[in-house]
Amino acid sequence: MIETLLPEGVAAGEAFGPDGAAVLYPEEAVLVATSTDRRREEFTTVRGCARRAMDALGLPPAPVLPGKRNVPQWPAGVVGSMTHCAGYAAAVLGRDTDLVAIGIDAEPDRPLPRGVLDSIALPRELAWARTPVTGAGRLCRDRLLFSAKEAVYKTWYPLVGTELDFEDADISFRTDAEGPAGAGAVGLAGGPAGGPAVSAAEGLRQGSFRARVLRPGTGRDGRPVTAFTGRWLARRGLVVTVITVPARRTAAGDATPYGGPGTAGRPGR
C-alpha cells in the first residue's frame, strides 16, 4: 500500500499485523525486554519491515536502534522513517545520494480523541478539518491532518536537528480527483501530482499535501528548509502520509532551497 506514495528507487516494507518471522538483534531486544507484549510486538514487526526495505535496497540486514528523540539510526548512506499503529507497520528507506530525508506516518482512519484537534491545528486547518466529507470520499480529516503533521516532524528533526511544534507547520491538502480549483484544495496552488487516471472513489481517498514551515530552519547541507510536499492515502481503515525530500542541486552545483516541488509518488498504482 505505502509503495504507491513513493518515488522510484525508494524501498518499503509493511505489515498488516504481527510479523511472526521478524527477529530482533540482541541490542534491539534489550530495549524492550521489560515492555508489554504489545510494545515488543510492534517494535519487532516494524524492524522486520525495515529489514525487508534494506534487502530491497540491496543492503545487508542491520539493527535499527533509536537515537536522540527516538530517531531511528540507519546504516551509513541510508535515510528512512518508520511508523506503526494498531494493525499496521511500515518502514521506508532510500539512499542518501537520492534523498536527504524521509518522514512517514500511519494512523487509524478514525476521529481524533476529544480536544486533540484544537491542540494541533491552526485556525484555517481547524475549519478544513471540521468540514465533513461523505460518500465515496469519506475521510477523517482531523486524523489526516494529525498524520501529516507527524510526517513533517519525522522529516524535519533528522534534517534540521531542532524541535518543531504542531503549530509550526501550516498544511494544505488536495485530492487526486480535484482540478486546480477543487473545493477540497485549501490554500495550495497548482494541480495534483501527475499520474495514471484514478476512479472518483479512489481519487477522493488519496492525494498530495504541502506543509509550509512557519519557523524555517537550515538543513545539514546549509540549504534553508521552508516547506515540504508529500502524498497521502486513506485505505483499509488507515490514513498514511509520506514525505520524501530529494537531494537536488542546480547545474552550477549550488544548493537550491528545500521547499520546492517534492518528489512525486505514483498515484493510481
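Summary of values
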{"read-out": "Long-range HN-HN contacts of T218 with modeled amide H, under 5 Å", "value": "V225"}
{"read-out": "Bins of 5 Å from zero: percent of alpha-carbon pairs in the range 4-67", "value": "4, 17, 25, 25, 16, 8, 4, 1"}
{"read-out": "Ranked order, E41, E125 - accessible area, probe 1.4 Å, largest first", "value": "E41, E125"}
{"read-out": "Cα Rg, Dmax (largest Cα-Cα span) when computed across the range 17-122, Å", "value": "15.1, 45"}
{"read-out": "R39-R138 FRET efficiency (beta carbon distance; Förster radius 35 Å; 0.05 resolution)", "value": "0.65"}
{"read-out": "With every protein chain in place, the range 110-171: carbon and sulfur % of accessible area (1.4 Å)", "value": "57"}
{"read-out": "Extension gain (nm, one decimal) between T131 and L65, 0.36 nm per residue minus Cα-Cα", "value": "19.7 nm"}
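The values are calculated or read from the model by the stated rules, or taken from the named source; none is laboratory data. Remember, predicted model here, so these are calculated numbers, not experimental data. When we count neighbours, we look across all protein chains shown, and the Cβ atoms used for this are built from the backbone with ideal geometry, even at glycine. Just the protein is used for accessible areas: all its heavy atoms, side chains included, with ligands, DNA and RNA removed. Shrake-Rupley method; radii C 1.70, N 1.55, O 1.52, S 1.80 Å.
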